[in-house]
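The values are calculated or read from the model by the stated rules, or taken from the named source; none is laboratory data. Remember, it's a predicted structure, so these values are computed and weren't measured experimentally. Cβ: placed from backbone, ideal geometry, glycine included. Neighbour counts: every protein chain shown. With ligands, DNA and RNA removed, areas are computed over all heavy atoms of the protein, side chains included. Shrake-Rupley method; radii C 1.70, N 1.55, O 1.52, S 1.80 Å.
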Amino acid sequence: MTMQRILLVDDEPAFQRLCGAWLSSLGYQVMMAATAEQVHALTAQHSFDLVLLDLALPPSFTPEEGLALLPGLAPAPVVVMTGHADRELALRAIGLGAWDFLPKPLDPDLLRVVVERALTKRRLEHELAQWRARGLQDDSTMGLIGASADLGELRSLIRRIAPTDVPVMITGPSGTGKELVARALHGHGKRAGKPFVAVHCGAIPGELFESELFGHCKGSFTGADRDRIGLIAAADGGTLFLDEVGEMPLAMQVKLLRFLQSSSFFAIGGRAEQRVDVRIVAATNRDLAAMIDEKTFRDDLFYRLKGIGLRTTALAERAEDVAPIAQAIAAAADGAKRLAAPALEWVGARAWPGNVRQLQHCVQTAAALAGKQSEITVDDLALACGEVAAPAQQAEAGPLEAQLAVLEKRLIVAALEESRHNHTHAARQLGISRVGLLNKMRRHGLR
Ligand SMILES: Nc1ncnc2c1ncn2[C@@H]1O[C@H](COP(=O)(O)OP(=O)(O)OP(=O)(O)O)[C@@H](O)[C@H]1O
Ligand SMILES: [Mg+2]
């Protein structure tokens, strides 16, 4: 198990030393900060399982300085320490999200108990979120969520084809789960414990393709300063997934065909023929038949790869899958959220031309917008999908103010996403202080 990491925030060197040594002797990794600035710098770089926070920090030594830190320290539980056992201050701190309170001078045994209790809380929260996410992805769905007849048929075909070595060609629009189907075929077959290697044919530059697929020997071309195995060899015993196979350059198609016919190949610059045992699964959203007519895809390769054809369908053709998929995405988001009934209706009423990928992006962004609230609302979704906020939200303020508020919220969300929810970085990007950002986030319901 990895060591649990505690951030100890206190400006007295003697206390830091003693308390730090005690916590280290209990088996925790301890990092120290003496000022708010140091807290920001450390939390920007590390995540902590627990924070012990003295509220009186320099330069002002007023509790306000320490209290202002509290919102930014979540989700780590914070135990607040104060020199004078001030009940009111303790209650304020707890109101702002602190988990517990310890009077100074600290009793080491009490410190140990409080620390253990806070860490247990943190671990249980984490495990609960994981279980929730996993519960929605039990094995019977094969990772493919949804109750439509299309998906049911797809699952039963996967179950039948997975144990065989027949090549499979998966076709379907973008974002409909082709890669998910390929992984399900691998995961439910006899090769499950072996590698699943995806080759994203559209992303490999033409001149590197051969080396990527077959590997090369040292000195075989400029820059080949050592032997390198290719993706085909890496997949030995498992599945080679040729994604976006329609994007493969013609010259490469010939070489791939030769490999498929013989199950053997030569690395670039290599003399020894190499044999591998791989199952081939390919996918495309292109019309390969039309490409064959245009002579941009080889028909002999097509017939080799085709084997059994599986088709994923657009979300618009299976509207009943939208709600369960959206709910599963929300449950897997930070804080294990859910969509309330009107929000489910809202997602169900949309067309989703970008299919599950677009839905996923929208619900994940909406989950981030919902902040600490456990339910995702129509407002969050509308904002996340770039639609104007619902009229109800605009009703109170004049139109300009409402629009500015929407714009501000959108910019904050974008900055938070870009900085992966690092408040310090997001604030810098927006040109405001961290406390300013936290206040704005609270105003917009983002925390
Ligand atoms: N039925 C489903 N249940 C849960 N998640 C799904 C489902 N279908 C797709 N997804 C998710 O949607 C995203 C897009 O799926 P995937 O990458 O498999 O699509 P694709 O068809 O390969 O798209 P592209 O053609 O753009 O590569 C993935 O994150 C995937 O996990
Ligand atoms: Mg894909």
Q.
Among the listed residues LEU42, LEU26, identify the single one that is touching a residue at least 24 places away in the same chain (Cβ under 8 Å), out of contact with any strand residue (DSSP E or B) (no Cβ under 9 Å at 6 or more places or on another chain) and open to solvent by 10 Å² or more (accessible area, probe 1.4 Å).
A. LEU26
Q. Is it true that ARG410 is at pLDDT below 80, within 25 Å of GLU37 (Cβ to Cβ) and open to solvent by 30 Å² or more (accessible area, probe 1.4 Å)?
A. no
**Q.** Single residue of segment 421-442 satisfying the filter (under 23 Å from the mean Cα position of the chain (by Cα) and open to solvent by 70 Å² or more (accessible area, probe 1.4 Å)) that is nearest to GLU408 (Cα to Cα)
**A.** GLN429
Q: Quickly run through segment 155-187 and pick out the residues that are within 16 Å of ligand 1 (Cβ to nearest atom), more than 21 Å from LEU231 (Cβ to Cβ) and among the hydrophobic types (A, V, I, L, M, F, W, C).
A: LEU157, ILE158
Q. Restricting the search to segment 121-155, which residues are modelled with pLDDT of 90 or more and of a type in the set (Ser, Thr, Tyr)?
A. SER148
Q) Would it be correct to say that GLU317 is in contact (Cβ under 8 Å) with a residue 60 or more places away in the chain, open to solvent by 30 Å² or more (accessible area, probe 1.4 Å) and either within 16 Å of ligand 2 (Cβ to nearest atom) or touching an Asp or Glu at 6+ places or on another chain (Cβ under 8 Å) (or both)? A) yes
Q: Would you point out which residue out of ALA76, ALA93 is within 30 Å of GLN373 (Cβ to Cβ) and either under 31 Å from the mean Cα position of the chain (by Cα) or loosely packed, with under 14 Cβ neighbours inside 10 Å (or both)?
A: ALA76
Q) Within segment 139-154, can you find the residues that are among the hydrophobic types (A, V, I, L, M, F, W, C) and either in a loop (DSSP other than H, G, I, E, B) or within 11 Å of ligand 1 (Cβ to nearest atom) (or both)? A) MET142, LEU144, ILE145, ALA147, LEU151, LEU154
Q) So, in segment 328-359, of the ones that are within 11 Å of ligand 1 (Cβ to nearest atom) and in contact (Cβ under 8 Å) with a residue 40 or more places away in the chain, which residue ends up surrounded by the most Cβ atoms within 10 Å (Cβ to Cβ)? A) VAL356
Q.
Please determine whether any residue of segment 279-287 is away from ligand 1 (no atom under 12 Å from the Cβ), surrounded by 18 or more Cβ atoms within 10 Å (Cβ to Cβ) and of a type outside the set (Asp, Glu).
A. yes
**Q.** Matching option when the condition is out of contact with any Lys or Arg (no Cβ under 6 Å at 6 or more places or on another chain), without any contact (Cβ under 8 Å) to a residue 60 or more places away in the chain and within 21 Å of LEU119 (Cβ to Cβ), among ALA76, ALA33, ALA56
**A.** ALA33
Q | Count - residues of segment 156-173 that are part of a loop (DSSP other than H, G, I, E, B), in contact with a Gly (Cβ under 7 Å, 6 or more places away or on another chain) and open to solvent by 10 Å² or more (accessible area, probe 1.4 Å) | A | 3
Q) In segment 292-307, what residues are over 26 Å from ALA162 (Cβ atoms) and open to solvent by less than 10 Å² (accessible area, probe 1.4 Å)? A) PHE297
Q.
Residues that are over 21 Å from ILE158 (Cα atoms), open to solvent by 50 Å² or more (accessible area, probe 1.4 Å) and more than 16 Å from ligand 1 (Cβ to nearest atom), at least 1 per element: which helices (runs of 4 or more DSSP H) completely within segment 188-278 meet that?
A. 209-214, 250-262
